[in-house]
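Participant: Below is the structure I would like to discuss, written out as structure tokens.
Please treat every number below as a calculation from the coordinates, not as lab data. Being a predicted model, the structure only gives us computed values, none of them experimental.
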Amino acid sequence: MIFGFFRKDRAPTAVEAVFGRIVDASREPRLYAEFGIPDTVEGRFESAILHMVATLRRLRGLPKPADEFAQELVDAFFQWLDDTLRDMGVGDIAVPKRMKKLVEAFYGRAHSYDSALDQQDRTALVETLRRNVTGEEPAELLADYLIASCARMAEQDFETLVAEGPAFAPSDTLR
């Protein structure tokens, strides 16, 4: 029975499908080429956080069972991080210590992004993204992308978000 989980022809769960769409969106080449996200392991982590935050913000605004789905999505994200560390060759003993730092980074960034978005403070969002993601690169386009993605997702109900995935802003519409 347990080996059925590892079958390649197994249909993904709704959480796995939505998380896959988040990861795909976080790998959009334009985010790295033009929006200032460094094309590094750390940059990809930051991009994944950005997309998770936008999705979780929308799920928080929806009725049950969105809250349970959001928790499962966070669990999938942390499992993905754990798997990624192991795939990168981080030893079993070091994984929990690294995971603790990644979890703290996730929640710290989520709080910062949420605060700026809640206050509709684009300047604070730009500064937070520059500090956490782009470094010396400007973060205005990335902030506009996050704001546009949150606005676009605000139009999605729970069923649509699960069926079609989070509606991130098309990166080619920003400039």
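Participant: I need the phi-derived Karplus couplings for region 134-142: 6.51 cos²θ - 1.76 cosθ + 1.60, θ = phi - 60°, integer Hz, Gly and Pro marked x.
Facilitator: 8, x, 6, 6, x, 10, 4, 5, 5
Participant: Next question, about the same structure. At 0.36 nm per residue, and after removing the present C-alpha to C-alpha distance, how many nm does the segment from Asp39 to Ala105 gain when stretched out fully?
Facilitator: That pair, Asp39 and Ala105, stretches by 21.9 nm at full extension.
Participant: Using a cut-off of 17 Å between alpha-carbon atoms, which aspartates and glutamates can reach Lys101, once sequence neighbours fewer than 8 places away in the same chain are excluded?
Facilitator: By straight Cα distance, Lys101 reaches Glu42, Glu46, Asp75, Asp82, Asp83, Asp92.
Participant: Would the chain count as rounded, prolate or oblate if I go by the C-alpha gyration tensor, calling it rounded below 1.5 in a/c and otherwise prolate when a/b exceeds b/c, oblate otherwise?
Facilitator: Note, shape of the chain comes out oblate.
Participant: Further question on the same structure: Under the classification rounded if a/c is under 1.5, otherwise prolate if a/b is larger than b/c and oblate if not, where does region 99-170 fall, given a ≥ b ≥ c as square roots of the Cα gyration tensor eigenvalues?
Facilitator: Oblate, because a/c is 1.5 or more while a/b does not exceed b/c.
Participant: What does the helix-only formula give at 222 nm for the chain: each DSSP H stretch with n ≥ 4 adding -39500 (n - 2.57), the total divided by the residues, and the result rounded to the nearest 500 deg cm²/dmol?
Facilitator: Here the helix-only value at 222 nm equals -21000 deg cm²/dmol.
Participant: Which residue fluctuates most in the GNM of the chain (Cα springs below 10 Å): Phe19, Phe106, Phe78?
Facilitator: Phe78
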